[in-house]
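The values are calculated or read from the model by the stated rules, or taken from the named source; none is laboratory data. Since the model is a prediction, treat every value here as computed from it, not as a measurement. Because the Cβ atoms are built from the backbone with ideal geometry, glycine has one as well, and the counts that use them run over all protein chains shown.
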Amino acid sequence: MTRGPGLAIGLEIHVQLATRTKLFCGDRVEFGAAPNTRVCPVCLGLPGALPVLNEAAVRLAVRAALGLGCVVHETSQFARKNYFYPDLPKGYQITQLDRPLATAGSVALAAGTEAGGGRSVRIRRLHLEEDAGKSVHDRFPGRSAVDLNRAGVPLIEIVTEPDLTSPSDARLFLIGLKRTLEYLEVSDCDMEKGSLRVDANLSVRSAGNASPGEPTELKNLNSFANLERALRFEAERQQKVVEAGGAVRRETLLWDVDADAARPIRSKTAALDYRYFPEPDLPPVRVDPALIEAARAALPEPPHLRARRFRHAYGLTPDHAEVLTATRRLADYFEAAAAAAADPSAAANWVMTEVLAWLNRSAVELADYPVPPARLGELLRMVGDGTISTTMGRHVLARMTETGQRAAHIVEEEGLTQVSDDDRIAAWIAEALAAHPEEAARLRAGEAKLRGFFVGRVMKRSDGTADPRRTEEILRRGID
Ligand code: MN
């Protein structure tokens with residue numbers, strides 16, 4: 001079968017697992033600790049030091065693998081990947097090669113959304129490995145330093161098949177994958193801290209050719225935008241080579257953010273010989289089938305299914321369902337508030353506008369938002385049953401974030417209960433009409449849009465306590 005020209009893109013994603021300690025020793029995993037203070041003979045590779053596998057890392061890796069639809073193998077094997085680099089004190093990395101922890105997964109193209117149109121991306125493998133240390137180039141002028149705190153930190157490496165066909169799909173996929181991993185709570189996925197790092201390989205398929213050409217590998221793509229930009233750059237470069245009748249060479253390119261260009265770092269014509277061999281200091285990894293089944297049973301609802309359920313169960317639009325499932329915590333918050341308010345659409349509106357806006361303005365994470373969802377629900381019930389107006393509700397919520405007090409307490413203390421009493425509202429209306437005789441005359445002459453003006457005046461006179469709907473009604477009846 002021949003196919004038109006196109007791209008074949010695969011990703012390789014390294015994800016730091018959220019364990020307390022490293023993969024083969026008891027050193028704490030701690031971002032930003034003073035350099036070389038989280039090290040020991042094992043992760044420094046001192047002679048005679050022996051690795052011991054961290055079971056928590058295996059559990060997280062199993063959960064990640066299941067969440068990505070992989071088959072988890074009961075037996076896998078660590079291997080040594082030998083190479084020389086200053087940030088690799090042992091002279092080899094402990095990783096997995098022939099017998100990875102998991103294989104044959106599949107993830108919706110846009111796992112966080114409905115945007116992928118049902119397409120999916122195959123996961124070739126997912127394996128466990130240790131991270132290397134970090135070379136630091138900005139600490140001493142003209143010299144490089146090495147920080148080994150990161151050496152031995154547990155990673156999973158996720159390798160996709162080259163199923164992605166455009167740079168924008170690659171970006172969409174990575175966004176969804178990150179969201180899925182966050183839901184699985186296997187990593188903080190913080191790309192700025194390097195907890196999630198992505199490399200990509202790309203090849204162009206020329207028209208009439210069934211199989212794509214030689215792929216090149218792109219490194220240093222540490223954001224969604226860089227991933228997409230680098231892939232666009234490299235696709236264009238390869239297309240030009242092919243159109244000129246040339247052949248793309250297999251090589252590794254480093255994305256240079258400042259230059260907005262990719263440069264070759266090494267040629268892989270003869271693949272680097274890492275002299276892989278089975279790790280002699282560690283027995284094969286055995287994962288009990290019962291543990292796999294328990295982990296499968298405990299998987300959280302994935303984000304795209306949760307978004308779908310939000311649409312159907314709560315009548316949310318696709319856009320709103322997506323906003324409210326952006327993180328597992330936000331989705332949990334919304335669901336708890338909706339239940340407490342007994343009004344999902346009010347909860348959705350208030351969470352998306354008031355709550356998110358406040359968090360944005362204050363640069364605070366939802367985890368630290370001072371109003372628990374049950375309290376927001378209480379407030380929404382008071383708005384819903386007309387105890388206070390929507391405007392007043394906003395004011396009360398603002399006071400709740402400042403004081404930590406419940407809505408009912410603030411409403412009572414500040415005397416904010418909405419006035420629906422017709423006589424009192426009529427008195428405010430009379431005052432407002434008298435204060436604005438010209439507008440009052442136009443209103444009486446039939447200029448209906450002035451009703452809104454007078455509702456506003458009444459709200460002002462009543463310090464916002466008048467029921468605006470009732471006020472509008474009385475105005476309409478009175479004037480007609
Ligand atoms: Mn790796």
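Does GLU402 fit the bill of being closer than 25 Å to SER462 by Cα, modelled with pLDDT under 85 and not aromatic (Phe, Trp, Tyr)? So GLU402 does not fit the description; no. Go through LEU17, LEU23, LEU88 for me and flag whichever is crowded, with 18+ Cβ neighbours inside 10 Å, modelled with pLDDT of 90 or more and within 21 Å of the chain's Cα centre (by Cα). Going through LEU17, LEU23, LEU88 in turn, just one is crowded, with 18+ Cβ neighbours inside 10 Å, modelled with pLDDT of 90 or more and within 21 Å of the chain's Cα centre (by Cα): LEU17. At least 2 residues being in contact with a Pro (Cβ under 8 Å, 6 or more places away or on another chain) is the threshold, and among the strands (runs of 3 or more DSSP E) wholly inside the range 100-192 those reaching it are 120-130, 134-140, 143-147. Looking only at the range 320-362, residues that are touching an Asp or Glu at 6+ places or on another chain (Cβ under 8 Å) and of a type in the set (Asp, Glu) come to 1 in all.
For the range 294-312, filtering for residues that are exposed (fewer than 12 other Cβ atoms within 10 Å of the Cβ) and outside any loop (DSSP other than H, G, I, E, B) leaves 2.
If you filter the range 92-117 down to residues that are at pLDDT 90 or above and more than 16 Å from the ligand (Cβ to nearest atom), you find that the one that is surrounded by the most Cβ atoms within 10 Å (Cβ to Cβ) is GLY105. Take the range 156-168 and flag every residue that is surrounded by fewer than 24 Cβ atoms within 10 Å (Cβ to Cβ), over 16 Å from ASN226 (Cβ atoms) and within 19 Å of the chain's Cα centre (by Cα). Of everything in the range 156-168, just one residue is surrounded by fewer than 24 Cβ atoms within 10 Å (Cβ to Cβ), over 16 Å from ASN226 (Cβ atoms) and within 19 Å of the chain's Cα centre (by Cα), namely GLU157. Filtering the range 242-258 for residues that are more than 30 Å from LEU356 (Cβ to Cβ), assigned to a helix (DSSP H, G or I) and without any contact (Cβ under 8 Å) to a residue 24 or more places away in the chain leaves a non-empty set. Among what's in the range 129-146 and is surrounded by 14 or more Cβ atoms within 10 Å (Cβ to Cβ) and acidic (Asp, Glu), pick the residue that is nearest to the ligand (Cβ to nearest atom). Of everything passing the filter in the range 129-146, GLU129 is nearest to the ligand (Cβ to nearest atom).
Selection of the range 409-428 for residues being in a helix (DSSP H, G or I) and of a type in the set (Asp, Glu) yields GLU412, GLU413, ASP422, ASP423.
The set of residues from the range 7-46 being part of a strand (DSSP E or B), more than 16 Å from the ligand (Cβ to nearest atom) and not small (Gly, Ala, Ser) comprises LEU7, ILE9, THR21, ARG28. For the range 267-285, state whether one or more residues are exposed (fewer than 12 other Cβ atoms within 10 Å of the Cβ) and in a strand (DSSP E or B). Yes, the range 267-285 contains at least one residue that is exposed (fewer than 12 other Cβ atoms within 10 Å of the Cβ) and in a strand (DSSP E or B).
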